[in-house]
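Working notes for the structure below.
Computed from the coordinates by the stated procedures, all read-outs in this text should not be read as laboratory data. Nothing here was measured: the structure is a model prediction, and the numbers come from that model. Cβ atoms come from the backbone with ideal geometry, glycine included; neighbour counts cover every protein chain shown.
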Amino acid sequence: MSSTINNAFITQFEAEVHMAYQRMGSKLKNLIRTVNGVSGESVKFQKVGTGEATTKARHAEVVAMNISHTNVTATLSDYYASDYVDKLDELKTNIDERAVIANNAAYALGRKTDSIITTAMSSATTVANNAGANGTTSLATDMNVAKFKDMQALFGNNDVPDDDQRYWAIGPTQWGDLLAEDNWSNLDYIGPSQLPFAGMNYTAKRFLGFLTFVHSGLDTSGSTDRHTIAWHKSSMGLGVGSEVRTEVNYIPEKVAHLLTSYLSMGSILIDTNGIRVQKCAE
């Protein structure tokens, strides 16, 4: 009987964690190239160079493009989120302890997923005051529309596809900076559907080809600069060895169940031309 009850407990808890993870977890996971079901400890992402068309004389041989093929490797690591549920605690509280732990596990795994991705992204080229100023010597300035124009030009010069798969993650302070820009939030400059709060969406907006959204987990340089990130989906890779899994084990010595959720994944920067870290004043 106890084994049957535990199996039901495990199934329900795993479903709760998975649903919470999908709802409250990673913001970045679906915005980069993802390979699921990876076997082993690493996965390779292919990078194919560009080719050039040429002419040929009649009866002459065609000229091969000799497109380059390279790859980068993402190494997977394992991550865990666990806690205990005392057998008698649930009888003494008026809250659903299992749901509390499920939500906390989802938050922890979601933050870790985005942390893995942003850590890989941080190796991209960093720009300071504007997208054209390479290096870290000049002080970062507030987020503004001018940075979007410069970043759009940079991506265009790098032949990054403008196919609704360009993204820009910014901090809450930078979102506030943009709300002060007429070209971002003034109805006299943009249509009603382009207002940053259209459709009750207060923290996401598509602007100059970039789907821009707020992310509180971006790195900072001390307390002065926020490292916002603009990228194309194809520029980053994520290998997933295991999606969220859950185990429930009874620990007699603690008279409690140990609830453990875990996943295995790794991320890598694929193409440096399709991503930039834009420093902004915090």
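Can you tell me the order of 52-62, 250-260, 104-114, 227-237 when each peptide is scored by its average per-residue count of other Cβ atoms within 10 angstrom, highest first?
Going by the mean number of other Cβ atoms within 10 Å, highest first, we get 227-237, 104-114, 250-260, 52-62.
State the answer as a single residue: which of Met265, Tyr250, Ser235 lies farthest towards the positive end of the charge dipole of the range 200-282, with beta carbon charges of +1 for Lys and Arg and -1 for Asp and Glu, about the Cα centre.
Ser235
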